[in-house]
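Down below is the structure, laid out as structure tokens.
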Amino acid sequence: MNTTFGSCACKNIEYCFTGAPINSAYCYCTQCQLYTNSDKWYGLWVPQENFSFTKGQTKTFIRKGDSGMDMCHHFCDNCGVNLAVKVEIGGFFSVAANTVTKGEVPAPNMLIYTKNAARWAHFPSGVPKFDILPAEMMGE
Ligand SMILES: [Zn+2]
Ligand SMILES: [Zn+2]
């Protein structure tokens, strides 16, 4: 099985995950805009059991998602880079694709929370676009 590696900017924190992500999504929600200082977060969705931090100790910030369940942000308290968000309702980590240092990064396969997108946001063409989430992911 393939292993993908990643780290923050200062390399204090490292992680790895095995196997292919179950989803790869650009998220345009208001929170993701704040964490990235851009129009979107590019998240690789990795089942919790396949993901682990291998070096250093992340700082965490927990907020409630739309579902009312926790979204636990893991970031480096030295360089400030956000590495991954543990999404409790889905049992997965949304790994910041731009922190991958070794391994395949797939192309995004959906654009989510586009109803919250900044006026100046950029949407790649040919990728399915959802106001919030695809119907099958709603109301879980
Ligand atoms: Zn760092
Ligand atoms: Zn988001």
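Counting the residues of region 89-140 that are within 27 Å of Phe53 (Cα to Cα) and small (Gly, Ala, Ser) gives 7.
Among Thr18, Thr54, Thr3, which is the only one that is hydroxyl-bearing (Ser, Thr, Tyr), more than 16 Å from ligand 2 (Cβ to nearest atom) and touching a helix residue (DSSP H, G or I) at 6+ places or on another chain (Cβ under 9 Å)? Lay out the reasoning, then the answer.
Working: Thr54 fails: touching a helix residue (DSSP H, G or I) at 6+ places or on another chain (Cβ under 9 Å); Thr3 fails: touching a helix residue (DSSP H, G or I) at 6+ places or on another chain (Cβ under 9 Å).
So the residue among Thr18, Thr54, Thr3 that is hydroxyl-bearing (Ser, Thr, Tyr), more than 16 Å from ligand 2 (Cβ to nearest atom) and touching a helix residue (DSSP H, G or I) at 6+ places or on another chain (Cβ under 9 Å) is Thr18.
Scanning region 31-75 for residues that are more than 16 Å from ligand 1 (Cβ to nearest atom), over 13 Å from the mean Cα position of the chain (by Cα), at pLDDT 95 or above and in a loop (DSSP other than H, G, I, E, B) turns up Ser38, Asp39. The set of residues in region 76-89 being surrounded by 15 or more Cβ atoms within 10 Å (Cβ to Cβ) and assigned to a loop (DSSP other than H, G, I, E, B) consists of Cys76, Val81, Glu88. Hey, does region 78-86 have a residue that's free of Cβ contacts under 8 Å to residues at least 40 places away in the same chain and of a type in the set (Lys, Arg)? For region 78-86, residues free of Cβ contacts under 8 Å to residues at least 40 places away in the same chain and of a type in the set (Lys, Arg): present. If you go through region 76-95 and keep only what is within 16 Å of ligand 1 (Cβ to nearest atom), of a type in the set (Val, Ile, Thr) and over 15 Å from Leu44 (Cα atoms), you end up with just Val81. Cβ-Cβ distances below 8 Å connect the following pairs, each with a first residue in region 1-28 that is among the acidic types (Asp, Glu), a second residue that is within 16 Å of ligand 1 (Cβ to nearest atom) and part of a loop (DSSP other than H, G, I, E, B), and a separation of six or more residues or different chains: Glu14/Gly56.
May I ask you to say which residue of Gly6, Gly19 is more than 16 Å from ligand 1 (Cβ to nearest atom), under 18 Å from Thr101 (Cβ atoms), at pLDDT 95 or above and not charged (D, E, K, R)?
Details: Gly6 fails: more than 16 Å from ligand 1 (Cβ to nearest atom).
After ruling out the rest, the residue left standing is Gly19.
Filtering region 1-30 to residues that are part of a strand (DSSP E or B) and within 22 Å of Ala121 (Cβ to Cβ) leaves Asn23, Ser24, Ala25, Tyr26, Cys27. What about Phe92, is it crowded, with 19+ Cβ neighbours inside 10 Å and in contact with a helix residue (DSSP H, G or I) (Cβ under 7 Å, 6 or more places away or on another chain)? Criteria met by Phe92.
The values are calculated or read from the model by the stated rules, or taken from the named source; none is laboratory data. Since this is a predicted model, take the numbers as computed values, not measurements. With ideal geometry, Cβ positions are generated from the backbone for all residues, glycine too; neighbour counts draw on all protein chains shown.
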